[in-house]
Structures are given as structure tokens and as C-alpha cells.
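K.L.:
Below are the C-alpha cells for one structure; questions will follow.
The values are calculated or read from the model by the stated rules, or taken from the named source; none is laboratory data. For clarity, every value in this text was computed on a predicted model and none was experimentally measured. Backbone-built Cβ (ideal geometry, glycine too); neighbour counts: all protein chains shown.
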Amino acid sequence: MRIAVLADIHGNVLALDAALEDLRRRGGADLTVNLGDSVSGPLWPRETFARLQALNLPTVRGNHDRRVAADPADETMWASDVYAQERLTETQRQVLFAQPLTLEITPCVIAFHARPDHDEKYLADTIVNGQLVRAPLAAIRRRLKVLDPAYRIALCGHSHRPELIRIPDGPVIFNPGSIGCPAYDDSTPPAHVSEQGSPHARYGIVTLGGAGQPDRFEAIAVDYDHEAAARQAEQAGRPEWAHGLRTGFMSG
């Protein structure tokens, strides 16, 4: 079984279309899974929602999906969530909120956005000197305690950082990276940034092994018209987003 893994589109329909076209050229997948945070961002939330609705993918709810669905907006909402909320209907926002926190893809594969029991806490990351880096193995193990040991693969997003971690006597964690937001800053204490280091749209493919064959994991980076996305962010008054879309970094 071949599973395509999409995560953290953040309203970037240009990057989503590029990833889907690349997947088509590679022969497609038996199943495509969306790990959430689909529309939040100063780009094309309405168009992205429509594209995903037509695809009808198995999808888990991300923290920004939950925040976009909040009603009414208040001063605690991030600007990207407000931008998306203002451009979606109440029905569309409720569709986002109704998505599950976790989703069993097969009896051996589970999908979630951040952690299996929380949509906003990092699973495989920690913050060092204002940067996201890989967390110690012991910390990752603790965060996975709630996970049924029957799962041999855990698909997650949220950090926007591609990761492949085999937990000894535990699952393989696969984060494909972000399709539509290659860098972000988070002012929540402790403030930090996440940087993929390039503007490419990221997604993944997992091929489940059978008859004694190993599972295969592919982390894929696709070029697309990131300059058009950056200009859209600038028009929405978000120059920091534009810089991240152009470079994959938040500064420098």
C-alpha cells in the first residue's frame, strides 16, 4: 500500500497543486492523507478549502483548523487564523472543527497533527536558543505513551520540519514537512522559529512493506511558484510570511 502524506498546507493552494501534480507524475498513491492546518495563512484559504473538499481526503484537525473555527474571533487569535476565518463560511469552519484529532489509516498506521493527545504540542521537537530542534529520545517516548503499541507508523505534522525517527521498540515517526509554509515564527513563550531552509513544497510517500519487505519512506521537496505566494502574503500585509515563502527562513 502506497500512502501520500500531506501536512500544513496553510492556505497555499499553489504549493498544494504542485505537490499533487508531482504525486501524479510519480504514479499516484492508493491513499492520500491530510495531517491538518489546511487553510490558516494570508494566502488562499477559500480556494484551498474548495480544492481539498473536492478531493475528500482522510484528514485530521490541526491546531489552526481549530482556531479558525473559533467564533467569535478575539484578541488571542493569530492574524493568520483571522484572515482565514474572515474568508470562510461558518459551515466551512465547522467542517474544519469536526475533523478528528487522530485517524487510523490502517491497523498499523495512525495519523495526527501534533501529538496523538494534543493538536498543538510538539512531538519530536524541542526549543533551543529560539529554534526548533529534535527532542531527546526520552522526551519523545514520554509523549508517545498514550499511543497504542500496535501502531508501527505514526504520521504527524505541526512542526513543519521533515523528520523520520525510528523509536526503539516503538513506531516510526514520519513528518513530511510543510507543503505551504516553509518557515514560521511563534511568539508563544518560549518564542521560537521553525525553518525548513528552502521555499519548496514538502510532502511524503510511505510504502507499506508486505511479505517480509520493509516499509519505505520518501520525503519529497517540490519547486513551485513561491514568488507568487510571497506576493500574495505581501498584499495581505504579512512581509514576514513573504520572506519565509521566498527563502525557507524567517530572517537573514
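K.L.:
Among the residues of the range 153-184, write down those that are surrounded by fewer than 17 Cβ atoms within 10 Å (Cβ to Cβ) and over 19 Å from the mean Cα position of the chain (by Cα).
P.N.:
166, 167, 168, 169
K.L.:
Report yes if residue 196 is of a type in the set (S, T, N, Q) and surrounded by 19 or more Cβ atoms within 10 Å (Cβ to Cβ), otherwise no. Step through it out loud before you land on a result.
P.N.:
Details: of a type in the set (S, T, N, Q): yes; surrounded by 19 or more Cβ atoms within 10 Å (Cβ to Cβ): yes.
Spelling it out, residue 196 is indeed of a type in the set (S, T, N, Q) and surrounded by 19 or more Cβ atoms within 10 Å (Cβ to Cβ).
K.L.:
A follow-up question, please. Would you be able to tell me the number of residues in the range 106-141 that are over 18 Å from the mean Cα position of the chain (by Cα), within 25 Å of residue 4 (Cα to Cα) and assigned to a loop (DSSP other than H, G, I, E, B)?
P.N.:
Total satisfying the criteria: 2.
K.L.:
Can residue 134 be described as over 21 Å from residue 202 (Cβ atoms) and in contact (Cβ under 8 Å) with a residue 12 or more places away in the chain?
P.N.:
No.
K.L.:
Related question: Kindly establish whether residue 179 is in contact with a Lys or Arg (Cβ under 9 Å, 6 or more places away or on another chain), part of a loop (DSSP other than H, G, I, E, B), among the β-branched types (Val, Ile, Thr) and in contact (Cβ under 8 Å) with a residue 60 or more places away in the chain. Talk me through it step by step, then tell me what you get.
P.N.:
On the way: in contact with a Lys or Arg (Cβ under 9 Å, 6 or more places away or on another chain): yes; part of a loop (DSSP other than H, G, I, E, B): yes; among the β-branched types (Val, Ile, Thr): yes; in contact (Cβ under 8 Å) with a residue 60 or more places away in the chain: yes.
For residue 179, the condition - in contact with a Lys or Arg (Cβ under 9 Å, 6 or more places away or on another chain), part of a loop (DSSP other than H, G, I, E, B), among the β-branched types (Val, Ile, Thr) and in contact (Cβ under 8 Å) with a residue 60 or more places away in the chain - is met.
K.L.:
Exactly one condition in (1) farther than 18 Å from residue 173 by Cβ; (2) surrounded by 21 or more Cβ atoms within 10 Å (Cβ to Cβ) is not met by residue 76; state its number.
P.N.:
Tallying (1) farther than 18 Å from residue 173 by Cβ; (2) surrounded by 21 or more Cβ atoms within 10 Å (Cβ to Cβ), residue 76 fails exactly one: (2).
K.L.:
So, one more: crowded, with 24+ Cβ neighbours inside 10 Å, modelled with pLDDT of 95 or more and over 22 Å from residue 207 (Cβ atoms) - does that describe any residue in the range 18-34?
P.N.:
Checked against the condition, which is being crowded, with 24+ Cβ neighbours inside 10 Å, modelled with pLDDT of 95 or more and over 22 Å from residue 207 (Cβ atoms), the range 18-34 yields no hits at all.
K.L.:
Answer yes or no: is there a residue in the range 79-86 that is within 29 Å of residue 153 (Cα to Cα), of a type in the set (Phe, Trp, Tyr) and part of a helix (DSSP H, G or I). It would help to see each step written out before you state the result.
P.N.:
First, the residues of the range 79-86 that are within 29 Å of residue 153 (Cα to Cα): none.
Checked against the condition, which is being within 29 Å of residue 153 (Cα to Cα), of a type in the set (Phe, Trp, Tyr) and part of a helix (DSSP H, G or I), the range 79-86 yields no hits at all.
K.L.:
Can you pull out every residue in the range 131-141 that is closer than 23 Å to residue 191 by Cα and surrounded by 11 or more Cβ atoms within 10 Å (Cβ to Cβ)?
P.N.:
131, 132, 133, 134, 135, 137, 139, 140 - these are the residues of the range 131-141 that are closer than 23 Å to residue 191 by Cα and surrounded by 11 or more Cβ atoms within 10 Å (Cβ to Cβ).
K.L.:
Let me ask you something else. In the range 211-225, how many residues are in contact (Cβ under 8 Å) with a residue 60 or more places away in the chain and either surrounded by fewer than 16 Cβ atoms within 10 Å (Cβ to Cβ) or not in a strand (DSSP E or B) (or both)?
P.N.:
4
K.L.:
Continuing with this model, one more query. Quick one: in the range 241-252, which of the residues that are out of contact with any Phe, Trp or Tyr (no Cβ under 9 Å at 6 or more places or on another chain) and not in a loop (DSSP other than H, G, I, E, B) is farthest from residue 224 (Cα to Cα)?
P.N.:
Here the answer is 242.
K.L.:
Taking the conditions exactly as written (in contact (Cβ under 8 Å) with a residue 24 or more places away in the chain, assigned to a loop (DSSP other than H, G, I, E, B) and basic (Lys, Arg)), does residue 202 satisfy them or not?
P.N.:
Criteria not met by residue 202.
K.L.:
Name the residue that is surrounded by the fewest Cβ atoms within 10 Å (Cβ to Cβ), counting only residues in the range 79-96 that are closer than 21 Å to residue 60 by Cβ and in contact with a Gly (Cβ under 8 Å, 6 or more places away or on another chain). Before the answer, list the steps.
P.N.:
Here is the first cut: in the range 79-96, the ones closer than 21 Å to residue 60 by Cβ are 80-81, 84-85, 88, 91-96.
With the extra rule that they be in contact with a Gly (Cβ under 8 Å, 6 or more places away or on another chain), the set shrinks to 80, 84.
Numbers: 80: 26, 84: 31.
Among them, the one singled out is 80.
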